[in-house]
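The values are calculated or read from the model by the stated rules, or taken from the named source; none is laboratory data. Computed from a predicted structure; not experimentally measured. Cβ: placed from backbone, ideal geometry, glycine included. Neighbour counts: every protein chain shown. Keep in mind that these areas ignore ligands, DNA and RNA; they rest on the heavy atoms of the full protein, side chains included. Shrake-Rupley method; radii C 1.70, N 1.55, O 1.52, S 1.80 Å.
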Number of protein chains: 2
Amino acid sequence: MCVAKKILFVVLDGAADRPTVDTATPLMAAKIPFLNQLAQQGILGIMDVIAPGTPPGSDTAHLSLLGYTPKEVYTGRGPFEAAGVGIDVQPGDIAFRGNFATVKDGVVIDRRAGRINDTHKLSDAIREQLYLDCEFLFKESVGHRAVLVLRGADLSPNITQTDPQHKGRILHSKPKSNDASSRRTANIVNDFTRQVCSILGDHPVNRERTLANQLRANAVLLRGAGSVPHLVPFERRTGLNAAVIAATALVIGIGKLTGMKYIPTKGATGHVDSNIEGKVKNVNKALKQHEFVLNIKGADEAGHDGDFNAKTHFLTRVDAALSDLAIDESTLVIITADHTTPVSLKEHSGDPVPFLINGKGVRVDQTNAFNEYIAASGGMNRICGRDMMPVLTDLLGKGTKFGA
Amino acid sequence: MCVAKKILFVVLDGAADRPTVDTATPLMAAKIPFLNQLAQQGILGIMDVIAPGTPPGSDTAHLSLLGYTPKEVYTGRGPFEAAGVGIDVQPGDIAFRGNFATVKDGVVIDRRAGRINDTHKLSDAIREQLYLDCEFLFKESVGHRAVLVLRGADLSPNITQTDPQHKGRILHSKPKSNDASSRRTANIVNDFTRQVCSILGDHPVNRERTLANQLRANAVLLRGAGSVPHLVPFERRTGLNAAVIAATALVIGIGKLTGMKYIPTKGATGHVDSNIEGKVKNVNKALKQHEFVLNIKGADEAGHDGDFNAKTHFLTRVDAALSDLAIDESTLVIITADHTTPVSLKEHSGDPVPFLINGKGVRVDQTNAFNEYIAASGGMNRICGRDMMPVLTDLLGKGTKFGA
């Protein structure tokens, strides 16, 4: 066998960083002997997931890493979240991310309704009693989160959101352009807001919450509107039968919308408490049936919290879990991050991320550790996120030749 | 003199590789003291001739290295082959690559007519007896190869080829779109196929071949249809008076279509048995009269054969021949490959190729050998093939300033 047959693509969500404690990054401070060994036997480089200096969103980052061009296919986060929570969205649907919130006299006083945990009864009521001027699908997600999908002709994502993002008056959606579809969609969204407030206002769950001194979940704020894009299935683009192992609705949704099989893992949360050992077991199983396995591990939360030690500790845990990977010479392993989340910034940044490729056919370079600094001297130099999938499929001997 | 005046651009066809024997590549295993010396006194880098992970064809690769954008100007290999065998093609002509083949009861039983060597009598018969509904030019090339050019209004390259690529029924050309030009061209091509079978079927050459127990060359299969592109002459783009020294019709054709002078070399075959010493003498002569000399050396064949030792040996021979180059400080030398052809893959791959630039003005780096690994740590880092010519003309002090 002269080339690998399968790809294991591991994304350490937000793992990359800027120098922080004693000029080290969490990847440098963490104990990651397994990743360092992969680096020593592989080739490293740095990658601009979107473009130099452009902080990627998690959505655009994953699209880019999977070989799609976000500028062409990205319309908003809503469609991916909706697919991720299990709605069978169709191209052309208009999808929104939603928050159950607490509203008093038309003013949002808590955007997460006191971080309400179980909203399924409230969602049932919305599904049963809401009547909109188009087909719709509404589904609760983790915690205070939900998604709304509008379906039918003459709809447009070109409207303003109702979520004020901070405390303040709930927003009235307006069309962003003066066409009939946008005006109609804004009207439907405003109708949604009014009816939901009415349906939830006197709901038994909220009466109980008032008695228990909890904030009422009496409104749903919408944001991230997007038209579900036509995505050429990943398998048709690459010839690889693919599976996704992830915890967050967003990444699951990207996997589903690109035609990958989603393999759920019990206890996978996408947070630092995630069951990463369970995910690794699932990866080992998935590699027996699929030619491409996408696996996400979240270190992003610690970055957003600005917690250097938590991020370092999580990366140490990830390395220990990954060392149980059952990979042989039939598998090409790629380890990278979807973006840099400096603990000093608590937000995504546009710094390049490190990556390593390990497996048959790679030009093994002199690097011997996996981190932002060493990767910058690796044999792959610097590439774009969009180029990663062509590089990997080419290593499998399946590159798309241009010319003769 | 503060800048070089001339460029010698040497392309080692398919020379780059992946790690193979003891993790070495043929460039690492070969004895190449001359190239290593050029590297030590020059600057190195790696190059994505088309794009990361995209295996280049030899045609698109050379266009890109000469500064053209293949996605804009490449229409198919036919036009370059036709120009290369000496047909004076004109923009808008539809050109095809052809194979003399053996057909029995309409089924191709040998795509190369038993690797027939001399087809000039058969080609004479085709030129004399063929009548098509448009002007045409037909010419034999090396071995079983030939080219067909259709000329006139209302023609289109948007048709399917007649070459089945493998044994099997000779294909009927169909228009790929439903416009009159495509339908008409497909009809002409099918008419060509019918008439050629009739003209060659009873030709004396084939009667002789039958008596000698050789396969008959009684059909011509067509592929690689392309409309001859409008290429801005190389000299107008770069200000450099250019010559090409190569053996294969394809590269000679690219040179001719971009307005370079073609300097033939006796015994140059484009294969590992090529007269590379003769080519080097021609290069030395050409550098006295031209500001840009493109010189191609084939190591590609050995890569396609998967023969590590043959490739290594050929590169050793190339190095020895190149050491007779008469280059002084007026000449900038660039050494690279048009693509990687891993012996492990026997096909072009999308791995970056190494390159070196030696001459006045380059920022000499710490590298001291010419191969895929060392080049990745070179001072040029990683560039695109399309950027090479601007880099070189800029080193001559002839860069095209943008802005004031």
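General remarks:
- Subset tally (residues that are away from chain B (no Cβ under 11 Å), open to solvent by less than 20 Å² (accessible area, probe 1.4 Å) and among the polar types (S, T, N, Q)) for region A:356-387: 1
- In region A:342-360, the residues that are of a type in the set (Ser, Thr, Tyr) and modelled with pLDDT of 95 or more: A:Ser349
Matching residues to (1) buried (at least 19 other Cβ atoms within 10 Å of the Cβ); (2) in contact with a helix residue (DSSP H, G or I) (Cβ under 8 Å, 6 or more places away or on another chain); (3) at pLDDT 95 or above:
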site: A:Val142; (1), (2), (3): no, yes, no
site: A:Leu150; (1), (2), (3): yes, yes, yes
site: A:Arg169; (1), (2), (3): no, no, no
site: A:Asn178; (1), (2), (3): no, no, no
site: A:Ser181; (1), (2), (3): no, no, yes
site: A:Thr185; (1), (2), (3): yes, no, yes
site: A:Thr193; (1), (2), (3): yes, no, yes
site: A:Thr210; (1), (2), (3): no, no, no
site: A:Gly224; (1), (2), (3): yes, yes, no
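- Restricting B:Ile334, B:Ile296 to those that are touching a Phe, Trp or Tyr at 6+ places or on another chain (Cβ under 6 Å), touching a residue at least 24 places away in the same chain (Cβ under 8 Å) and either within 14 Å of another protein chain (Cβ to nearest Cβ) or among the hydrophobic types (A, V, I, L, M, F, W, C) (or both) reduces the list to B:Ile334.
- A:Ala186 meets the conditions (1) of a type in the set (A, V, I, L, M); (2) more than 21 Å from A:Phe100 (Cβ to Cβ); (3) without any contact (Cβ under 8 Å) to a residue 24 or more places away in the chain in every case but one. The failed one is (3).
- Summed over region A:88-101, residues that are crowded, with 22+ Cβ neighbours inside 10 Å and more than 13 Å from A:Val196 (Cα to Cα) total 6.
- Which listed residue is open to solvent by less than 20 Å² (accessible area, probe 1.4 Å) and not charged (D, E, K, R), from A:Ser349, A:Ser344: A:Ser349
- Residues of region A:313-330 include at least one that is surrounded by fewer than 21 Cβ atoms within 10 Å (Cβ to Cβ) and within 14 Å of chain B (Cβ to nearest Cβ).
- Any hit, region B:22-37, residues being surrounded by fewer than 24 Cβ atoms within 10 Å (Cβ to Cβ) and touching a Lys or Arg at 6+ places or on another chain (Cβ under 7 Å): no
- Residues in region A:331-382 that are under 25 Å from A:Lys311 (Cβ atoms) and of a type in the set (Val, Ile, Thr): A:Val333, A:Ile334, A:Ile335, A:Thr336, A:Thr340, A:Thr341, A:Val343, A:Val353, A:Ile357, A:Thr367, A:Ile374.
- Highlighted here are the helices (runs of 4 or more DSSP H) found entirely within region A:168-280 that include at least 3 residues which are under 27 Å from the mean Cα position of the chain (by Cα) and not β-branched (Val, Ile, Thr): A:234-238, A:249-257.
- Index of the failed condition, B:Gly359 passing every other in (1) on the phi > 0 side of the Ramachandran plot; (2) under 23 Å from the mean Cα position of the chain (by Cα): (2)
- The single condition among (1) in contact with an Asp or Glu (Cβ under 6 Å, 6 or more places away or on another chain); (2) within 11 Å of chain B (Cβ to nearest Cβ) that A:Thr341 does not meet is (2).
- Only one entry of B:Thr258, B:Thr248 meets the criterion of being touching a helix residue (DSSP H, G or I) at 6+ places or on another chain (Cβ under 8 Å), modelled with pLDDT of 95 or more and surrounded by 16 or more Cβ atoms within 10 Å (Cβ to Cβ), and that entry is B:Thr258.
- Of the residues making up region A:310-319, just one is of a type in the set (S, T, N, Q) and either at pLDDT below 90 or farther than 13 Å from A:Thr25 by Cβ (or both), namely A:Thr316.
- Matching option when the condition is of a type in the set (D, E, K, R), in contact with a Ser or Thr (Cβ under 7 Å, 6 or more places away or on another chain), closer than 22 Å to B:Asp273 by Cα and open to solvent by 10 Å² or more (accessible area, probe 1.4 Å), among B:Asp307, B:Asp300, B:Asp338: B:Asp300
- Filtered residues of region A:102-137 (kept if in contact (Cβ under 8 Å) with a residue 60 or more places away in the chain and either farther than 20 Å from A:Cys197 by Cβ or under 23 Å from the mean Cα position of the chain (by Cα) (or both)): A:Arg111, A:Ile116, A:Thr119
- Flag for A:Val189 being among the hydrophobic types (A, V, I, L, M, F, W, C), out of contact with any His (no Cβ under 8 Å at 6 or more places or on another chain) and under 29 Å from A:Tyr68 (Cβ atoms): yes
- Selection of region B:388-404 for residues being in contact (Cβ under 8 Å) with a residue 24 or more places away in the chain and either among the β-branched types (Val, Ile, Thr) or within 14 Å of chain A (Cβ to nearest Cβ) (or both) yields B:Val391, B:Thr393.
- Residue within region A:271-293 that is over 27 Å from A:Ala326 (Cβ atoms) and open to solvent by 30 Å² or more (accessible area, probe 1.4 Å) present: no
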